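I'd like to ask some things about the structure below.
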Amino acid sequence: MAMPSVLTNVADLTLEQLRIALAPAVAEAAVFDGWTETAVASAAAAEGVDPAVAAYAFKGGAMVAISAWIAAIDEAMAEALPMDVLASEKIRERIRRLVQFRIDALAGHQEALRRALAIMAMPHNAPTALRLGWASADAMWRLAGDTATDYNHYTKRLTLGALYTSTLAVFAHDESADHADTRAFLERRIDGVMRFEKVKARLFKPREDRFSPARLLGRLRYPAR
């Protein structure tokens, strides 16, 4: 049974909720109209939302709409792949499924994605783009069960953010069957991240847990009594 659209109760939504709810329709329109006021108006008409209300919700330019689109994907990902669904899988598979979910959510919207990436790459949009990338990487790691609070918290999000951004760039121009090129690229990048995490774990292993030839020789020379 189909769930009723949240857009049937627009009066009960905050502006942020309205933006997120309407963002997928804006992305549909952006394929033809770009991330413009025209796309917002088209989305409002398609979803039965007062165009004046939609225009007010999305005032501020293209980055407001793009940010809402990303937030909508974040929410859909969290609903489809909560922690308990991923808990039984290895960390590599958790990350792969989370990134792949986001890629699949963008299928059919490559033109909107290409336009969004071009807008996000503009120098004056760089701070917002970085914040959005960090937020999405953080959402993925949290769903994957990461609880790190030390330097690992930051390095994991930086590496996953870079992985996701590069995968998006490949996907945006991928014309292979079933996006096979993107899937293969993602697998290679995840392999690289997992190797990096293993090396990092060894490098930053607590000193007392590391093998020390000097400590071994000392114990042989002065055995415990």
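Through the Karplus equation 6.51 cos²θ - 1.76 cosθ + 1.60, θ set to phi - 60°, convert the phi angles of segment 15-20 into ³J(HN,Hα) values in whole Hz; use x for Gly and Pro.
Karplus-based 3J(HN,Hα) across segment 15-20 equals 4, 5, 5, 5, 4, 5 Hz.
Find out how many positive minus negative residues lie around Asp104, taking Lys and Arg as positive, Asp and Glu as negative, among other residues whose Cβ is under 13 Å from that of Asp104.
Working: positive: Arg96, Arg97, Arg102, Arg183; negative: Asp174, Asp178.
That works out to +2.
Among the lysines, which have Cα under 23 Å from the Cα of Lys198 when same-chain residues fewer than 8 positions away are ignored?
Of all the lysines, those that pass the test against Lys198 - Cα under 23 Å, at least 8 places apart if same chain - are Lys90, Lys156.
Work out, step by step, the length gained on full extension between Glu89 and Ala184: first 0.36 nm times the residue separation, then minus their alpha carbon distance; give nm to one decimal.
Values: separation 95, 0.36 × 95 = 34.20 nm, distance 2.01 nm.
Going from the current span to full extension adds 32.2 nm.
Under the Karplus relation 6.51 cos²θ - 1.76 cosθ + 1.60, θ = phi - 60°, what is the ordered set of whole-Hz ³J(HN,Hα) values for segment 55-63, x standing for Gly and Pro?
Whole-Hz 3J(HN,Hα) from phi for segment 55-63: 4, 5, 5, 9, 5, x, x, 4, 5.
At a Förster radius of 25 Å, what calculated FRET efficiency corresponds to the Cβ-Cβ distance of His124 and Leu158, to the nearest 0.05?
Numbers: r = 22 Å, r/R0 = 0.90.
Efficiency, from the Cβ-Cβ distance: 0.65.
Could you work out Rg/(2.2 N^0.38 Å) for segment 1-59, with Rg from alpha carbons only?
Details: Rg = 10.8 Å, N = 59, 2.2 N^0.38 = 10.4 Å.
Compactness ratio reported: 1.05.
Values in this text are rule-based calculations from the coordinates and carry no lab data. Just so we're clear, the structure is a prediction, and the values are computed from it rather than from any experiment. We place every Cβ from the backbone using ideal geometry, glycine too, and count neighbours over all the protein chains shown.
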